[in-house]
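Here is the structure we will look at, set down as structure tokens.
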Amino acid sequence: LPLPTHEEVLVCSDHTTAEEVILLWKRALGDPLYQRIFCLVNAEKLPYHSCEKALFELQQLSQRKRDYRIVIICSNEDEDKSHIVSKLQAYRRPVPGIHSDREFINYLKTHFIQECTEDSDSDTETTTSASSVDKERSCVRVVTSERAGMGKSLYIYRLTEDLMTKTSVGPHKVIIPIHGPKVTSDSVVNTLMNYCDNTNATIFHLDISPNVLRQLDSILFCLLVLQA
């Protein structure tokens, strides 16, 4: 299965607008043959007025339409405070069986691990990818520790040294600090856009501060899975 895209998934925050949600409805209702599943995540975070407007538009847009696929996911921790949960209570369904962590890991690996590219007339690689220095040739690697000073930066430095032995063309590493309580995936993408013309093998080090842990899952999901 392919990874979901930013067209199919909208991760809500306190700042998500009704217009963003309505665009998701329109993509779902306009999907040819209704083959894709469209998902609104963290819907309990929608502001009251955004929720009201988005649900009104969904009612209008879905008239005389069937078989479209929209899934709305809310946290059960705040469901008693969620306006969208109370409005859509009649459509509530139990959570289906969830795959194991190992199955999710294997699924992501099929998309993150890059195979070696070889020239048809030689045994050498035609291009060098930064994933070539990873132990599993994955283009994504999360390096964590329970406290500071445990060698995370040193580990990344060693990977950079290894990459420098494989290619002399830089930049070999770009450090993007992620800190502050209001960081979003959009702000990280805007920084990455400065390097969109870079075609060289580069390690992008997202140096994440502990004060962004609350929204870290959403940021990484948008960047790595949705590629948004």
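For Ile37, what residues show an amide H to amide H distance below 5 Å, using hydrogens built from the backbone and excluding near sequence neighbours?
Answer set, sorted by chain and number: none.
Net charge around Val41, counting only other residues with Cβ within less than 13 Å of its Cβ (Lys, Arg = +1; Asp, Glu = -1)? Don't jump to the answer; show the numbers that get you there.
Values: positive: Lys45; negative: Glu8, Glu20, Glu44, Asp217.
Every neighbour counted, the sum reads -3.
Between Asp78 and Glu52, what FRET efficiency follows from the Cβ-Cβ distance if R0 is 22 Å, with the result rounded to 0.05?
Working: r = 18 Å, r/R0 = 0.81.
Rounded to the nearest 0.05, the efficiency is 0.80.
Among the aspartates and glutamates, select those whose C-alpha is under 13 Å from the C-alpha of Lys26, and discard any that sit fewer than 8 residues away in the same chain.
Glu7, Glu8, Glu57
Using just the helices of the chain, give the 222 nm mean residue ellipticity in deg cm²/dmol: DSSP H runs with n ≥ 4 each add -39,500 (n - 2.57), and the total is spread over all residues, rounded to 500. Before the final figure, lay out each step's value.
Values: 7 runs with 74 residues, N = 228.
Calculated at 222 nm, the ellipticity per residue is -9500 deg cm²/dmol.
Just to check I understand the Karplus step: with θ = phi - 60° and J = 6.51 cos²θ - 1.76 cosθ + 1.60, what whole-Hz values come out for region 183-200, glycine and proline as x?
5, 10, 5, 4, 5, 5, 4, 4, 5, 5, 4, 5, 10, 5, 8, 7, 10, 8
What per residue convex hull volume, in Å³, do the alpha-carbon atoms of region 58-112 yield?
Details: hull volume 8.6 nm³, N = 55.
Per-residue hull volume (Cα only) is 156 Å³.
Sort 62-68, 19-25 for me by packing, meaning the mean count of neighbouring Cβ atoms within 10 Å per residue, highest on top. Intermediate results must be reported in sequence, preceding the final value.
Values: 62-68: 9.6, 19-25: 17.9.
Highest mean packing first, the order is 19-25, 62-68.
Pairing the Cα long axis of helix 101-112 with the longest principal axis of the chain, what angle in degrees results, from 0 to 90 and rounded to the nearest 10?
Helix 101-112 sits at roughly 60 degrees to that axis.
Give me the net charge for the shell around Ala18: Cβ to Cβ below 10 angstrom, other residues only, Lys and Arg +1, Asp and Glu -1.
Details: positive: Lys53; negative: Glu19, Glu20, Glu52, Glu57.
So the environment of Ala18 carries a net charge of -3.
Please work out the ratio of the alpha-carbon Rg of the chain to 2.2 N^0.38 Å and round it to two decimals.
Details: Rg = 21.1 Å, N = 228, 2.2 N^0.38 = 17.3 Å.
The value comes to 1.22.
Residue by residue through region 132-140, which ³J(HN,Hα) values in whole Hz follow from phi under the Karplus form 6.51 cos²θ - 1.76 cosθ + 1.60 (θ = phi - 60°), with glycine and proline marked x?
Per-residue couplings from phi come out as 5, 8, 7, 5, 10, 6, 8, 7, 10 Hz.
Determine, for each peptide in 11-17, 144-150, 206-212, the mean count of other beta carbons within 10 angstrom over its residues, then list the peptides with the highest first. List each step's numbers first, then the result.
Numbers: 11-17: 16.3, 144-150: 7.9, 206-212: 14.0.
Ranked by mean Cβ neighbours within 10 Å, highest first: 11-17, 206-212, 144-150.
What number comes out for the charge environment of His83, summing +1 per Lys or Arg and -1 per Asp or Glu over other residues with Cβ under 10 Å away? Don't skip to the answer; put the middle values down first.
On the way: positive: Lys81, Lys87; negative: Glu44, Glu52.
Result for the neighbourhood of His83: 0.
Treating the angle as unsigned and between 0 and 90°, give the value, to the nearest 10°, between the Cα long axis of helix 152-166 and the longest Cα principal axis of the chain.
For 152-166 against the chain, the angle is about 60 degrees.
Modelling each spin label as a point 7 Å along the Cα-to-Cβ direction, I'd like the Ser145/Val189 distance in nm, to one decimal.
The answer from the label model is 3.3 nm.
Of the DSSP beta bridges with both residues in the chain, give the percent that are antiparallel, rounding to the nearest 5. Kindly include the intermediate steps, with their values, before the conclusion.
Values: 2 of 15 bridges.
That works out to approximately 15 percent antiparallel.
With all pairs of different alpha carbon atoms counted, what Kirkwood hydrodynamic radius in Å does region 155-228 show? Write down the numbers at each step before the final one.
Details: mean 1/r = 0.0745 Å⁻¹.
About 13.4 Å for region 155-228.
Beyond 28 Å between alpha-carbons counts as too far, so tell me which of Lys109/Lys152; Lys109/Lys166; Lys65/Lys182 fall in that bin. Let's see the in-between values first.
Working: Lys109/Lys152 22 Å; Lys109/Lys166 24 Å; Lys65/Lys182 39 Å.
From Lys109/Lys152; Lys109/Lys166; Lys65/Lys182, over 28 Å: Lys65/Lys182.
Just subtract the alpha-carbon distance of Asp217 and Tyr107 from 0.36 nm times their residue separation and send over the number in nm, one decimal.
Values: separation 110, 0.36 × 110 = 39.60 nm, distance 1.76 nm.
So the chain would gain 37.8 nm between Asp217 and Tyr107.
The numbers here are math on the coordinates, done by the rules we state, and not lab data. Every value quoted in this text rests on a predicted model; they were computed, and no experiment measured them. Heads up, the Cβs are rebuilt from the backbone with ideal geometry, glycines too, and the neighbour counts pull from every protein chain shown.
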